[in-house]
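The values are calculated or read from the model by the stated rules, or taken from the named source; none is laboratory data. In this text, all values refer to a predicted model and were calculated from it rather than measured experimentally. Neighbour counts run over all protein chains shown; Cβ positions are idealised from the backbone, glycine included. Ligands, DNA and RNA are stripped out before the accessible areas are found, and what is left, the full protein with its side chains, is counted by its heavy atoms. Shrake-Rupley method; radii C 1.70, N 1.55, O 1.52, S 1.80 Å.
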Amino acid sequence: MYAISLGEDGAELRPLEPWQAEEFLAHIDRGREFIGQHNGLPDVVTDLESSRAFLQAYAEKTAADAGRICGIWTDGTLVGAVLLRRMDLAQGIAEAGCWLEPAAVGRGLVTRAVRVLIDWAVEERGIHRVEWWVSSSNEPSIAVARRLGMTKDGVLRESYLYRGKRHDEEIWSVLAPRWRAAGRRT
């Protein structure tokens, strides 16, 4: 197993795999309400079986080179994750996403972790465009997109049905030439 340092505070980025389902479930349980404000993951990962199935789906995406999930650890505890929900190598497009439990918010962990993920996607996998889909009401996630130098491409009005209510979704993106020119590499 490998870990990538996210800075001098000891935070690390590591692959999340099915054998870590119990730890992943405990993480989701700690942040269930907070994470669930904008992200449907807590509705999907409800017990050990669903936790393992979620991580197995990403193991299969990783094996197919169609996506990836990495956990964020601080002081040996899983506190969040970043992922490529989809990755289409033929088109050169990937969609990044993230979440954190409340105890980890406000430390720049997601921004640092997504930078590593985008660097990998652009430099190692040849991705040309990395997208960030976000609920218009999710201001912290929009702030991450801005810090990453992404451009707001548009708003899909009432396109996201979540817990019985329709939400606007914003699409942000960064293109590989701009990413490289901005010196985003970690």
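Points worth noting:
- Accessible surface, per residue, of the chain when the full set of protein chains is kept, probe 1.4 Å, Å²: 50 Å²
- Within the chain, the selection of entire DSSP H helices by a Cα span of 18 Å or greater along the long axis and an average Kyte-Doolittle value of at least -1.0 returns 21-35, 48-63.
- Spread over its residues, the convex hull of the C-alpha atoms of segment 69-129 is 74 Å³ per residue.
- The helix-only estimate of mean residue ellipticity at 222 nm for the chain, built from DSSP H runs of length n ≥ 4 each weighted as -39500 (n - 2.57), is -9500 deg cm²/dmol after division by the residue total.
- Accessible surface of the chain [probe 1.4 Å, protein heavy atoms]: carbon and sulfur percent: 50 percent
- Measuring nothing but how far apart in sequence close Cα pairs (under 8 Å, 6+ apart) lie, relative to its length, segment 1-150 scores a relative contact order of 20 percent.
- Relative to the compact-globule estimate of 2.2 N^0.38 Å, the Cα radius of gyration of the chain comes out at 0.98.
- Length-normalised contact order for segment 88-140 - Cα pairs under 8 Å, 6+ apart - percent: 56 percent
- Computed over the Cα atoms of segment 8-87, pair by distinct pair, the Kirkwood hydrodynamic radius stands at 12.8 angstrom.
- When +1 charges are put on Lys and Arg Cβ atoms and -1 charges on Asp and Glu Cβ atoms, the dipole computed for the chain relative to its Cα centre reaches about 700 debye.
- Three-way shape label, segment 134-186, alpha-carbon gyration tensor, a/c 1.5: prolate
- For the chain, with +1 on Lys and Arg beta carbons and -1 on Asp and Glu, the positive-most of His38, Ala66, Ser141 along the dipole: Ser141
- Estimated translational D of segment 53-97 in µm²/s (Stokes, Kirkwood radius over Cα pairs; 37 °C; 0.692 mPa s): 294 µm²/s
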